[in-house]
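Just so it is clear, none of the values below were taken in a lab; they were calculated from the coordinates. Nothing here was measured: the structure is a model prediction, and the numbers come from that model. Counting neighbours? That spans all protein chains shown, and the Cβs are built from the backbone with ideal geometry, glycine included.
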Amino acid sequence: MLSKKMEEILNLQVGKEAYASALYLAMASWAENKGMEGVSEWFYAQTEEERLHMLKFLRYVNERGGHGVVPLVDQPPVAFKDVKTVFEAALEHEQMVTRSINEIVALALEEKDFTTHHWLQWFVEEQLEEESSVQRIIDKLNLLGEHNLYLFDRDIMGMRGAGAEGEA
Ligand code: FEO
């Protein structure tokens, strides 16, 4: 059985995951409108993942004798300055979610709720992955900003294949 405090903080997390899902859906829609198919597909996949995170939290609260509450979600932004701003905002959001999950982990330890502590480890891993995948995309965008190094980088990859064939 969850403590009242744990139930409340987990339900707050339900809301944060729901907002992340709405935010990434807004980003997907913005990118699709700009004709950026790759970026929009990336965010359409992310919005689904966040919905799954929301469900995981909600159902865990119910499983442990609490009541998972469906939150009211704020309206996410409609427009963004450019694609780099979008990914930077996504990274900032993920960093906020990581801090939030760390706080729940800390509460689980404080309450000696080792079941919740164990259950949360999946999210600890997931946050590490999400932050690093967004960071990798920002790194690529930074290369693109500097003398089209990103495209150059891709060309180099093709050239390596051709070189290997030439040597055979
Ligand atoms: Fe559900 Fe991207 O954190």
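Quick notes on this structure:
- Within region 106-121, no residue satisfies the criterion of being in contact (Cβ under 8 Å) with a residue 60 or more places away in the chain and within 16 Å of the ligand (Cβ to nearest atom).
- All positions within region 62-118 that are hydrophobic (A, V, I, L, M, F, W, C) and either in a loop (DSSP other than H, G, I, E, B) or touching a Phe, Trp or Tyr at 6+ places or on another chain (Cβ under 6 Å) (or both): Val69, Val70, Leu72, Val73, Val78, Ala79, Phe80, Val86, Ile101
- Count - residues of region 57-73 that are surrounded by fewer than 18 Cβ atoms within 10 Å (Cβ to Cβ) and either within 16 Å of the ligand (Cβ to nearest atom) or closer than 23 Å to Val134 by Cα (or both): 3
- For the criterion of being within 12 Å of the ligand (Cβ to nearest atom), within 23 Å of Ile137 (Cβ to Cβ) and in contact with a Phe, Trp or Tyr (Cβ under 8 Å, 6 or more places away or on another chain), His53 passes.
- Considering region 1-42, the residues that are among the hydroxyl-bearing types (Ser, Thr, Tyr) and in a helix (DSSP H, G or I) include one that is surrounded by the fewest Cβ atoms within 10 Å (Cβ to Cβ), namely Ser29.
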